[in-house]
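Asks: I have a structure I would like to understand better, so I am pasting it below and will then ask my questions one at a time.
The values are calculated or read from the model by the stated rules, or taken from the named source; none is laboratory data. Owing to the predicted nature of the structure, the values given are computational and were not obtained by experimental measurement. With ideal geometry, Cβ positions are generated from the backbone for all residues, glycine too; neighbour counts draw on all protein chains shown. Note: accessible area is taken over every heavy atom of the protein model, side chains too, but ligands, DNA and RNA are not part of it. Shrake-Rupley method; radii C 1.70, N 1.55, O 1.52, S 1.80 Å.
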Amino acid sequence: MNFTVAIDGPAAAGKGTISKAVAAHFGFAHLDTGLLYRAVGRKVMVSDASPEEVALALTAEDLMGDDLRSAEVAQAASKVAPIPEVRAALLAFQHDFARRQGGAILDGRDIGTVICPDADVKLYVTADPETRAERRFQELSAKGSDTTYETVLADVKARDARDAGRAEAPMIAADDAVLIDTTNLSIEDAIASAVQVVAQRLKG
Ligand code: CDP
């Protein structure tokens with residue numbers, strides 16, 4: 001069976017948590033496409049190679065390591081993400097993943113618009129910036145980071161502006177995406193909404 005779920009939305013909106021839960025519920029494979037851009041951003045920080053060269057030579061090992069989730073790497077990711085050659089280099093891997101048998105969920109910024117415009121289900125997960133910054137601040141603090149809420153909020157806003165404002169594959173909800181605003185939703189309720197949308201589409 002081929003069944004593709006595209007989940008997009010701004011930084012720290014809950015895409016990852018929802019994607020993992022929906023994937024587990026339906027037995028689909030899950031790809032966090034943000035990790036691809038984070039891996040390129042992290043390697044570019046310490047390499048002489050161009051972002052395009054790094055993206056073309058990405059390996060499974062590059063997707064490992066706890067620091068991939070850090071705020072510094074997130075900023076680095078959003079600085080290489082506007083480069084068309086970087087996005088092109090990561091395209092085939094994402095397409096192949098989306099078409100795998102058994103169902104696939106991809107989450108990112110341009111999945112419903114560019115990577116999988118024909119996805120069976122498209123969700124756009126969002127929340128107000130303060131709520132997203134608070135969640136990300138709690139997440140980073142739990143991992144031992146000594147960052148502040150104000151720093152995280154500024155980071156999230158800067159990254160959203162860069163992601164939404166770029167010319168190539170900007171962050172935007174697809175016309176046919178179902179919007180889930182998680183500002184006032186518990187994580188259980190957000191997951192339940194997403195599961196319901198997918199279940200309905202699978203039935204139909
Ligand atoms: O986890 P969080 O939502 O904070 O970010 P992420 O999904 O890991 O993405 C990190 C950065 O990669 C984003 O800010 C984007 O600049 C870039 N990205 C992208 O351009 N396209 C995607 N499909 C996924 C991520």
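Asks: What ratio of Cα Rg to 2.2 N^0.38 Å holds for the range 152-204? Please list the in-between numbers first.
Replies: Details: Rg = 14.8 Å, N = 53, 2.2 N^0.38 = 9.9 Å.
This ratio for the range 152-204 stands at 1.48.
Asks: For the range 114-204, just say rounded, prolate or oblate: build the C-alpha gyration tensor, square-root its eigenvalues into a ≥ b ≥ c, call rounded for a/c under 1.5, and beyond that prolate if a/b exceeds b/c, oblate if not. Let's see the in-between values first.
Replies: Working: a/c = 2.79, a/b = 1.45, b/c = 1.92.
Because a/c hits 1.5 or more and a/b fails to exceed b/c, the range 114-204 counts as oblate.
Asks: Right, here's the next one. Quick one: among Ala13, Ala192, Ala174, which has the greatest mean-square fluctuation in a GNM of the chain with alpha-carbon springs under 10 angstrom?
Replies: Ala192
Asks: Is the range 61-145 rounded, prolate or oblate when judged by the Cα gyration tensor, a ≥ b ≥ c being the square roots of its eigenvalues, rounded requiring a/c under 1.5 and prolate requiring a/b larger than b/c?
Replies: prolate
Asks: May I pose another question? Ignoring ligands, DNA and RNA, what percent of the 1.4 Å accessible area of the chain is carbon and sulfur? Write out the running numbers ahead of the final one.
Replies: Working: 5290 of 9830 Å².
Result for the chain: 54 percent of the exposed heavy-atom area is carbon or sulfur.
Asks: Roughly speaking, what is the centre-to-centre gap between the range 47-75 and the range 90-125 when only Cα atoms are used, to the nearest Å?
Replies: 21 Å
Asks: Cross-link list Lys20/Lys203; Lys157/Lys203; Lys79/Lys143: which exceed 27 angstrom alpha carbon to alpha carbon? Kindly include the intermediate steps, with their values, before the conclusion.
Replies: Values: Lys20/Lys203 21 Å; Lys157/Lys203 38 Å; Lys79/Lys143 24 Å.
Beyond 27 Å between Cα atoms: Lys157/Lys203.
Asks: Going toward the positive end of the dipole of the range 4-203, with +1 on Lys and Arg Cβ and -1 on Asp and Glu Cβ, which of Gly27, Ala13, Ile111 do you reach last?
Replies: Final value for the positive-end residue is Gly27.
Asks: Shifting gears a bit: Based on DSSP H runs of at least 4 residues, each adding -39500 (n - 2.57), what is the mean residue ellipticity at 222 nm of the chain after dividing by all its residues, to the nearest 500 deg cm²/dmol? Numbers along the way, then the final one.
Replies: Values: 9 runs with 103 residues, N = 204.
Mean residue ellipticity, 222 nm, calculated: -15500 deg cm²/dmol.
Asks: Continuing with this model, one more query. Below 14 angstrom from the Cβ of Ala21, what's the summed charge of the other residues (Lys, Arg +1; Asp, Glu -1)?
Replies: On the way: positive: Lys15, Lys20; negative: Asp32, Asp107, Glu188, Asp189.
That sum, taken over residues with Cβ under 14 Å, equals -2.
Asks: Please check: in the Gaussian network model of the chain (C-alpha springs, under 10 Å), which one of Gln94, Gln75, Gln138 has the largest mean-square fluctuation.
Replies: Among Gln94, Gln75, Gln138, the largest GNM mean-square fluctuation belongs to Gln138.
Asks: Still on this structure, I have one more. Rank-order 48-58, 115-125 by packing density, defined as the average count of other C-beta atoms within 10 Å over each peptide's residues, highest first.
Replies: On the way: 48-58: 16.2, 115-125: 21.5.
Packing proxy ranking, top to bottom: 115-125, 48-58.
Asks: I'd like the distance separating the alpha-carbon centroids of the range 160-191 and the range 1-33, in whole Å.
Replies: What the calculation gives is 13 Å, centre to centre.
Asks: Rounded, prolate or oblate for the chain? Axes are the square roots of the Cα gyration tensor eigenvalues, ordered a ≥ b ≥ c, and the cut-off for rounded is a/c under 1.5.
Replies: Details: a/c = 1.67, a/b = 1.16, b/c = 1.44.
Oblate is the answer for the chain, as a/c is 1.5 or above yet b/c matches or exceeds a/b.
Asks: Per residue, how much accessible surface does the range 4-203 expose to a 1.4 Å probe? Answer in Å², no decimals. Each step should come with its number before you reach the end.
Replies: On the way: 9510 Å² over 200 residues.
Here the residues of the range 4-203 average 48 Å² of exposed surface.
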